[in-house]
Every structure is written in structure tokens, then in C-alpha cells.
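Below is one structure, written out as C-alpha cells; comments come after it.
What follows draws every value from the coordinates through simple rules; no lab data is involved. Everything numeric here is computed off the predicted structure, so don't read it as measured data. Note that each Cβ is placed from the backbone with ideal geometry, even for glycine, and that neighbours are counted across all protein chains shown.
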Amino acid sequence: MQFKDFGLENKLMSTVEHLGFTAPTEIQQQAIPAAMQGHDLIASSKTGSGKTLAFIIPALQRLSKNRALSKRDPRVVILTPTRELAKQVFSQLRLFTSNTQFKAVLILGGENFNDQVKVLEKEPHFIVATPGRLADHLTQGHFYLNGLELLILDEADRMLDLGFAKELSQINKAADHRKRQTLLFSATLEHAQVNDFAKELLKKPKRIAIGGAFTEHKDINKRFYLADNLNHKESLLKYILSNETYQQVIIFTATRSDTERLANMLISEDLNAVALSGELNQGQRNQIMESFSKGQNKILVTTDLASRGLDLVNVSMVINFDMPKHAEEFIHRIGRTGRAGSKGDAIAFVGPKDWLSFKNVEGLLEQTIKFDQVDGLKAKFKGLKPKVIKTKIDSTKAKKETKKQVPKKKKAPKKVFHAAKDVGDMPVIKRKKTLSAEQLENSDLDEVE
Ligand code: AMP
């Protein structure tokens, strides 16, 4: 199938050709004709599958073919969970609108509110936005949605996970009329809140599921390394970054404070690294992302904040310095490489703290993962095996009993697991030392000999 088979309006078709797109991707093959027929859609597609054009193209087709319902109101609103993704969508949209009469604007949280009011006064046809800020402008009457023709929700699962349900409902209600079409994209359709939400927003939607949402990306070569501890992970990292070839690398850490520490460590090794650290304001973050996307830095160290939406074609390697908490996040992280048909390496370090997450990823990928090794940096750690279930049950019981025996007047101490001295002579679950929530989770596991 080719783009020309969709019967796109001439100008739109020549833009598609001019941008060098010939064959539509799978999601585009299914979503573009269905959306062009006016159906509401609920679609899943894996990251990097070309879903942005799957909604931009039918949106432009609709605007070119139909008369506007209102002269002043936006005709298309595209909502995304993160600023990074919104910018990404906006830059693809601009490629299509730059030679048309259609105006597109970007409305993001964390940016100057009054400047945005002025932008909205210019009566744009397209608004790409994060939901919180757009809902604020709507509440304050800076624009209206009576003329909205197309509402597009990109990564709806993520927007709901981030707690934007109220804002999405508000936007939906403000544009609730017969002629509105809605396209909902989600990484997974197996998400209860997405399905409930779809009932509220969509009219007789067509359901499009491209493969499993988490089917393997064949262009990404995954490698896993066991690691004993933080020092061991750092040695593995230095080894890989000094000995392998790559264009650009994104390193994901569990905490924001680690990003800066790791970046500094790499800089001291003469590697061109930069951190997207927690302390930065939005402007500084934007600057770093921009310089990284221009290739001014080779290595970006970040947390999951950057794991979605970024379309950085030169990222040929992703390193999970720490495994993500949620297995699905792993898929989003590694989807930052292998974009648009290029090859990528996805590396992960698995230490004792990462073990549960690793097992979840293994389950999600539905495969038994074998570990790679670096000569001279072999791990003593070989994985954890679950203790017999009895231990868990016993420990749950013990926790309950601990609670029961707290004298009524005294408040139960928050950190039950600190040490016996915290709770007088109460029976406590003895731990050798203070455990973090994560360690606690892992502590029902024994090391494999
Ligand atoms: P997305 O999944 O929308 O973030 O798109 C991922 C990348 O694929 C972007 O760089 C797009 O420009 C590119 N892309 C989208 N559609 C096509 C296509 N039909 N052929 C080749 N590349 C595409």
C-alpha cells in the first residue's frame, strides 16, 4: 500500500511526497482510512510506529475538505501527556501546515501564561497542548471549543496515569457536539481507565490494535548484564561507553539525583555527557533537550521523564542503568532507539534491587532472558529466587500482629521496620538495618547461590 492510495487532497499528498514518505506504516494503513471516513478511533500502537502521522494526515485531510464550523474556534486539538511529546507532535505537524493557511500553536504547562493568551487570540486552527494548561485557558475563557471538529488524545493511558482525567473530561464536555470526531491513541488497550474513558468520549469507535502493544521491536537488540552493586554498574557503564560504537546514548536512572552524579562521572572520563537533572527549570530542560537533539552532546542521563515521545533519530543506544519500576516503562525507554527503521541497542543492568522489575519485564516480553558478560567485570550476583510463599504469609501475619499489639494511645510508628528500639518492647520483624521500600519489596527474595 502507498500513501497515494488514500485519496489524499493534492496539497497534502505533495507534502507527504516532499517529506519522503511513500509507504504508510501498519498503524497508518489502518487508522488513516478509518479516520478519514469519520469514525471515532481507539488505537494501540507501539512506540515509534508512526502514530503521529496516523492522526495528523486525516486531520489535515478533514480540514481541507470540510468547512469550518466556527471561524474563531480551534478545529483540531491534540493532547499529549508530556511537554516533550507535545513538542515532538507539534514539530511534525508544522512540517505539514507550513505551506498551508492553517495555523498551529503549542500550549504547554510551565510556560508563560500571558504569552499563551496572546497566541490563542490569534485563533489557531490546531492546538497541540498538555491537558492541564489547556484546561486552565478553557476555564478562563481564552478560547472555546464549540467549533472543534477533531479531538486527538495521544498516549491517553499515560495522561490518565498522570491524573489528567478531570481536565480531559472538561475539554471533552466543552466540545461535546454532534459533529466532533475523536481519535484516542494509547500504548495499551488493556487499561481499565482508558476503556472507561473511551466510553465517555468516543461514539461507536473502531478499535485498532496493531500486534500486541508490546510486541518486540525487531530493530532493537536487547542485552542484559547482571551487576553486584552501584560501583559495578558504573564500571560496566564506563566499559560499554568507552568500548562500543554509538551515535547518541540515553541512560536512564531511577532517581533524579543520580542523573547529575553519573553525568559528572562520565564527563570526568572525557565522555560528552549531560544530565537532565531534577533541579533544572523548564527553560533549562528545554535547552538541554534541544542541544542533545542537535547532537551537541553524545550522552543524555535522565529519568523516565524523557522516556516517552522523544523522537531522536540519532539515539542508537539506550542504557537502563536502573531497571524501571513498571515493566511497561521499559518498552517506552528502549523505544527511544531503533526509531523509524534504524537499528538500536538496548542495554540493562540488573542488580539485586532491579530483580523484581527485571522479572516483570521478562514476563512482559514473554521470553527467558539470558545475561551477557563483560570479561573482567563478571557479577557475583546471579539473581534472586522467591522464598517459599510461607515466608511471605508469615511476614504478613507478623505485620498484622505487630499492629494489633500497639497500645491504643500510642500511635503506631510509621517506620515499623526501623528497629526494635523504635517500638519499645513490641514484637517486631527484625531486620538487620533500615530498609527502603524497594529493598523491603526485594527482601522476600533470596540470592540464588
Ligand atoms: P511516531 O511513532 O509517530 O513517533 O513516528 C516515529 C518516526 O517514524 C518519526 O520519525 C516519523 O517521521 C517516522 N515515520 C512516520 N511514518 C512513516 C512512514 N510512513 N515511513 C517512514 N517513516 C515514518
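From the phi angles alone, apply the Karplus equation (6.51, -1.76, 1.60; θ = phi - 60°) to the range 113-129 and give each ³J(HN,Hα) in whole Hz, x where the residue is Gly or Pro.
5, 5, 4, 5, 4, 4, 5, 5, 5, 7, 6, x, 7, 10, 10, 9, 8
Over the range 65-178, what per residue volume does the convex hull of the Cα atoms give, in whole Å³? Intermediate values should be presented prior to the final figure.
Values: hull volume 11.8 nm³, N = 114.
So the per-residue Cα hull volume is 104 Å³.
Would you mind checking Lys222/Lys359; Lys238/Lys298; Lys46/Lys359 for any pair whose Cα atoms are more than 19 angstrom apart?
Details: Lys222/Lys359 15 Å; Lys238/Lys298 14 Å; Lys46/Lys359 21 Å.
The answer is Lys46/Lys359.
Working only with C-alpha atoms, what are the Rg and Dmax values of the range 220-365, expressed in angstrom?
Using the Cα atoms of the range 220-365, the pair Rg, Dmax is 14.0, 39 Å.
Scan around Leu384 for amide H atoms under 5 Å from its own, H built in the peptide plane at 1.01 Å from N, and keep only partners 5 or more places away or cross-chain.
Those qualifying (amide H under 5 Å, at least 5 residues apart or on another chain) are Val448.
Beyond a 32 Å Cα-Cα separation, which of these cross-linked pairs lie in this structure: Lys51/Lys385; Lys118/Lys173; Lys87/Lys179; Lys4/Lys122; Lys65/Lys203?
Working: Lys51/Lys385 40 Å; Lys118/Lys173 24 Å; Lys87/Lys179 28 Å; Lys4/Lys122 34 Å; Lys65/Lys203 22 Å.
From Lys51/Lys385; Lys118/Lys173; Lys87/Lys179; Lys4/Lys122; Lys65/Lys203, over 32 Å: Lys51/Lys385; Lys4/Lys122.
Show me the three semi-axes of the equivalent ellipsoid for the range 3-209, from the C-alpha gyration tensor (sqrt of 5 times each eigenvalue), largest first, rounded to whole Å. Spell out each step's value before the answer.
Details: eigenvalues 110, 86, 51 Å².
Three semi-axes, in Å: 23, 21, 16.
When 1/r is averaged over all different Cα pairs and the result inverted, which Kirkwood radius in Å belongs to the range 132-237?
Details: mean 1/r = 0.0595 Å⁻¹.
Taking every pair of different Cα atoms in the range 132-237, averaging 1/r and inverting gives 16.8 Å.
Taking neighbour Cβ counts within 10 Å as the exposure measure, how do Ser64, Ser268 sort from fewest upward? Don't skip to the end; give the middle numbers.
Numbers: Ser64 15, Ser268 10.
Placing the least packed residue first, the sequence is Ser268, Ser64.
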